[in-house]
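Shown next, in structure tokens, is the structure this report addresses.
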Amino acid sequence: MNERLEAIKGNIIYAETPGELTVMPDSWIVTEGGIIRGIFSELPERYAAAEVTDYGDMIITPSFTDLHLHAPQYPMLGLGMDLELLGWLNKYAFPTEAMFSDAGYARRVYSKLAHALIERGTTRVCIFSSLHREATNILMDELEKAGVTGYAGKVNMDRNGSEELIETTEESVAETRLFIEENKGRKLIKPILTPRFTPSCTNELMEELGKIAAEYPDIPVQSHLSENTDEMKWVKELHPDCAQYWETYDKYGLWKNRTVMAHCVYSDERERAAIKKAGVWAVHCPDSNTCIASGIAPVRTMLKEGVKVAMGSDIAGGAKLSMLDVATEAIRVSKMRWLFGGKRDEERFLTVAEAFYLITGAGQEYFGARPGFGIGDRLHAVVFDDRGMADNPRMNLSERLERIIYLGERQDIKAVYSEGIRRI
Ligand code: GUN
Ligand code: FE
């Protein structure tokens with residue numbers, strides 16, 4: 001093998017656990033064929049032949065992971081924000097998603113979205129498409145072309161959609177099977193089962209999806225859980241036999257290791273224990289929870305309890321695609337919960353280092369990589385050039401990272417690496 005040996009140099013910062021930053025000033029990451037060989041404060045002699053990219057005083061961190069977002073809602077960012085979940089779905093989300101029956105439209109929007117993600121440093125996603133199989137394949141093509149990796153799912157919804165956005169149970173099952181067969185060989189973006197949420201799927205459909213999940217044990221499941229109080233009341237009416245929302249997924253074999261559940265705003269101690277026990281991942285989407293007035297998830301408590309948590313933009317429930325914005329929103333709402341949630345003695349609020357972990361290391365772990373820069377993993381990294389911000393010689397490197405998290409924008413990103421390849 002004659003793999004390219006490369007070294008990038010700069011101020012390296014990463015978080016291997018929530019709340020703990022590793023800061024390596026003026027250091028090197030060496031890769032061979034895109035795979036990390038090590039991080040060093042001096043370039044070792046044996047790598048002297050490496051092709052060097054010197055980023056000088058810039059900051060290098062792991063790239064971002066967005067574990068919950070809706071691709072076909074990209075055209076409605078910032079719309080319908082005076083509504084709550086169920087009204088918002090009917091008035092904005094369903095009509096917008098219906099437009100993705102048009103493959104040409106899907107191609108235009110998804111190409112833009114894929115580039116917008118990579119430009120903001122997001123290289124790994126768990127993403128919802130619409131119910132349309134063709135558009136979902138297009139989404140996967142465009143994400144792969146731009147260098148975005150992870151999982152994408154054709155949405156299942158055979159009830160409570162709209163006249164133009166609904167499928168029969170038979171269609172939903174057949175199209176899902178086809179979708180999996182067509183896409184299971186992809187390298188960067190893999191298929192994921194995506195029942196929209198319990199109110200969108202009949203019991204028959206859930207049962208069939210459970211069978212598919214059992215047939216394809218490597219294909220995970222993604223959906224929504226305990227996001228909004230009206231939604232939860234509705235789920236209770238639909239499944240009176242289930243004591244809690246999560247049981248409506250568990251009943252059909254969809255509640256399992258690596259299942260991704262967005263929101264968990266109202267997941268109480270019992271539901272959180274079920275999440276932890278099954279190895280389900282809770283995805284905190286603070287911007288969405290604020291924008292469509294769902295509530296504030298107990299994310300600090302989940303971390304303390306050892307529940308697997310990562311973060312999602314949930315566009316277009318959330319209005320911001322950048323995970324830097326999502327991280328700062330998580331910190332803000334966590335402070336509100338601490339101040340006004342009535343449990344000020346028990347929990348502090350989320351710190352910058354914890355939020356940073358939730359948009360980097362947590363998702364890395366979900367995708368089977370080591371949080372931080374793991375030897376043997378493919379390089380996923382962002383390089384920040386913060387010289388566009390006011391010069392402040394008194395800042396140390398972790399303070400510079402804090403300012404980047406709060407203020408960083410597209411133009412402050414100098415380079416993005418995904419799967420070992422520089423994409424920006
Ligand atoms: N629950 C079911 N569908 C959706 C959706 O599109 N967005 C959000 N935030 N919640 C949902
Ligand atoms: Fe969502």
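Quick test of your reading of the structure: residue 270 fulfils all but one of (1) surrounded by fewer than 18 Cβ atoms within 10 Å (Cβ to Cβ); (2) in contact with a helix residue (DSSP H, G or I) (Cβ under 8 Å, 6 or more places away or on another chain). Name the failing condition by number.
Of everything listed in (1) surrounded by fewer than 18 Cβ atoms within 10 Å (Cβ to Cβ); (2) in contact with a helix residue (DSSP H, G or I) (Cβ under 8 Å, 6 or more places away or on another chain), residue 270 misses just condition (2).
Among the residues of segment 102-117, is any surrounded by 21 or more Cβ atoms within 10 Å (Cβ to Cβ), away from ligand 2 (no atom under 13 Å from the Cβ), touching a residue at least 40 places away in the same chain (Cβ under 8 Å) and farther than 22 Å from residue 160 by Cα?
yes
Could you please let me know if residue 253 is at positive phi and away from ligand 2 (no atom under 15 Å from the Cβ)?
Answer is yes for this residue.
Can you report the number of residues in segment 198-213 which are part of a loop (DSSP other than H, G, I, E, B) and either surrounded by fewer than 24 Cβ atoms within 10 Å (Cβ to Cβ) or more than 16 Å from ligand 2 (Cβ to nearest atom) (or both)? Full working, then the answer.
At the first step, the residues of segment 198-213 found to be part of a loop (DSSP other than H, G, I, E, B) are 201-202.
In the following step, the residues that additionally are either surrounded by fewer than 24 Cβ atoms within 10 Å (Cβ to Cβ) or more than 16 Å from ligand 2 (Cβ to nearest atom) (or both) were identified as 202.
The qualifying residues number 1.
Give the residue that is nearest to residue 83 (Cα to Cα), with candidates limited to residues of segment 288-321 that are surrounded by fewer than 23 Cβ atoms within 10 Å (Cβ to Cβ) and of a type in the set (Gly, Ala, Ser).
In this case the residue turns out to be 293.
For residues that are free of Cβ contacts under 8 Å to residues at least 24 places away in the same chain and among the hydrophobic types (A, V, I, L, M, F, W, C), tally how many sit in segment 374-424.
Total satisfying the criteria: 4.
I'd like to know if segment 160-172 contains one or more residues that are within 16 Å of ligand 2 (Cβ to nearest atom), closer than 14 Å to residue 256 by Cα and either in contact with a helix residue (DSSP H, G or I) (Cβ under 7 Å, 6 or more places away or on another chain) or assigned to a loop (DSSP other than H, G, I, E, B) (or both).
No, segment 160-172 contains no residue that is within 16 Å of ligand 2 (Cβ to nearest atom), closer than 14 Å to residue 256 by Cα and either in contact with a helix residue (DSSP H, G or I) (Cβ under 7 Å, 6 or more places away or on another chain) or assigned to a loop (DSSP other than H, G, I, E, B) (or both).
Read-outs: derived from the displayed coordinates by stated rules, not from any lab. This one's a predicted model, so the numbers in the text were calculated from it and none came from an experiment. Methodologically, a virtual Cβ is constructed for each residue, glycine included, from the backbone with ideal geometry; neighbour enumeration extends over all protein chains shown.
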